[in-house]
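Quick notes on the structure that follows.
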Amino acid sequence: AAPAVPGYSPGFKKPPAMLRLKRKRLRRSEPDTAAAPQPCGAAPRAHSAPARRNPFSSLDNAPLAAGTPPPAGGSLSAAPFWQLLEPACEEKPAKTAELSERTDLLALTEDLHLPVAIPEVPSSPRHEFPADWSIKTRLLFMSSQPFTWAEHLKAQEEAQGFAQHCRATETNLPQSVQEPKLSTELRCAFQQSLVYWLHPSLPWLQLFPRIGADKRIVGKACPWSQDEALQQVLMSDWTVSFTSLYNLLRAKLCPYFYVCTYQFTVLFRAAGLAGSDIISAVISPTTRGLREAMRSEGIEFSLPLVEESRTRKQKNSEGSLETEVADGLNVCNSTEGGEEPAPSDDDEESFSWLEEMGVQDKVKKPDAISIKLRKEKHEVQVDHKPESLVLVKGTNTFTLLNFLINCKSLVAVAGPQAGLPPTLLSPVAFRGGTMQTLKARSINAKARVQLAYEDIFSLEIVGPILPHSLHVLTMLLQSAQRGAFSAVLYTHEPTAVLNTNLGTASPALNKETVRKDLPTCGLHPKTLDQLSQCPTLGKSSIRFLEMKDYAYTWKS
């Protein structure tokens, strides 16, 4: 026998070994422990969950009861200290029988990344929400009515949806569909709303978004990155597709399309959309180098946000001589679409107002070099920011087309995206374009409301969701979900600034004119009416959309 050593406990077992023993013992005694009496004061447990025991306790090493003498050769300190500190009656957390229901909701929350708090929505409902020109990466619709009508489309329904898209078939559903799951017209229209066109098409690469996509593309097979001949073939094919899209836009057969590069995004819009009666193109974000290259090619453009900020500052600075002088110095700065300032008689004439005020000798006029440096500093400050948004209108969009085709910086020369042409996204077919569909799935879960669980039905849409797709989907849900649903919208942030009002609204432009000029552009008449309105969201986009009683509220 081992000699009696003070402070030594012969029944002590190391925690890892003790845990293994306890695990085996629980498996053998699980039916018996379920019927064991509950400790005093402990919460009631479900029959499927055995009572937890202290893994470090044993018959030889158990806490001593009151009045029991210590074992021979030892003392109270012979027992491990964590047993001496353990209370006789321990409060255990109760496990409810609704664990599986709670797990379902947790799975929905983790899988769909539901926001913790839904932002507050405006209190003034409307029958239409404003046009959102940003590209969405994900939509999550939620409703108290199931989305079973969007599941498991039949082969015939899928084919019919594709045919309706290619033929631009207009689908008009009743205000409320009584049996959505049995409505073939609804299911075909849903398939039709998921279609978009893409170029280039490389199934093993995710070609949207392109800004910040290096981490997703790195490690993927890119045989063109080191093959110049292959790069030229890809760019030649891309040029044909890009030119085809522009020709469709000019012929009013395509309402809009996006050019997504690794640095910036270009949105081309046909005449009649966004309140403009001429073709327009919006580029964001831009840099001083890109704008200088556009100037050198003779492209006239403007920076609406910079000009708006400048005008606002001038209005706020009126009323004092110092601020008037400062504003006068800003007059010498040429506009973004103009040429660089140079010493000439025009510079002298721009300061004639100083003589009229009688302060020409008190104010030092800047020379041409100072003017140029000040302008360059101001331009660099807005680089890569939403304020660097560039607007090109009218025939200058054709010059922009040629500029982008020949622009060396359009394609990355190094990195994972090296040699990969920009992504073209369009709502209609074009030469070289590939038909793609957004990914859709419906998920059912339970959410705890007060003391009960209620069913939550959700529909998730993933992919490059274009403005017309968002509007068509909401029209379908309005009929299928009986005018009650909500949606969380995930925006590709660099495109949020495309909702800026560019001040190109034409007073002669109305719904009748737009419908007459764009009858064959492939959009539903109601969607065309929405996209023809002037943008009102500014530099933001819709983040949350809700419909109640067939009226919209939203939060941007």
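The values are calculated or read from the model by the stated rules, or taken from the named source; none is laboratory data. As the structure is a computational prediction, the values presented were derived from the model and not from experiment. All Cβ positions, even for glycine, are placed from backbone atoms using ideal geometry, and neighbour counts span all protein chains on display. Surface areas here come from the heavy atoms of the whole protein model, side chains and all, with no ligands, DNA or RNA. Shrake-Rupley method; radii C 1.70, N 1.55, O 1.52, S 1.80 Å.
Numerical summary
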{"item": "Equivalent ellipsoid, the stretch 124-275 (semi-axes from 5 times Cα gyration tensor eigenvalues, Å)", "result": "34, 21, 18"}
{"item": "For the stretch 240-304, alpha-carbon Rg relative to the globular expectation (2.2 N^0.38 Å, N residues)", "result": "1.17"}
{"item": "21 Å Cα-Cα threshold exceeded, pairs from Lys136/Lys385; Lys154/Lys446; Lys315/Lys393", "result": "Lys154/Lys446; Lys315/Lys393"}
{"item": "Projected-area average for the stretch 408-470 over all orientations - Cα convex hull basis, square nanometres", "result": "8.0"}
{"item": "Ratio of Rg to Rh over the stretch 267-322 (Cα coordinates, Kirkwood Rh, two decimals)", "result": "1.12"}
{"item": "Carbon plus sulfur fraction of accessible area for the stretch 455-556, probe 1.4 Å, in percent", "result": "51"}
{"item": "Cβ-based net charge around Pro494, under 11 Å, with every Lys or Arg adding one and every Asp or Glu removing one", "result": "+1"}
{"item": "Radius of gyration and maximum dimension Dmax of the stretch 125-204, Cα, Å", "result": "14.9, 43"}
{"item": "The stretch 382-446: equivalent-ellipsoid semi-axes (sqrt of 5 x gyration tensor eigenvalues, Cα, Å)", "result": "31, 19, 18"}
{"item": "Percent carbon-and-sulfur accessible area, the stretch 175-299, ignoring ligands, DNA and RNA, probe 1.4 Å", "result": "53"}
{"item": "Heavy-atom accessible area per residue - the stretch 410-479, 1.4 Å, Å²", "result": "37"}
{"item": "Enclosed volume per residue, in Å³, of the convex hull spanned by Cα atoms of the stretch 466-556", "result": "113"}
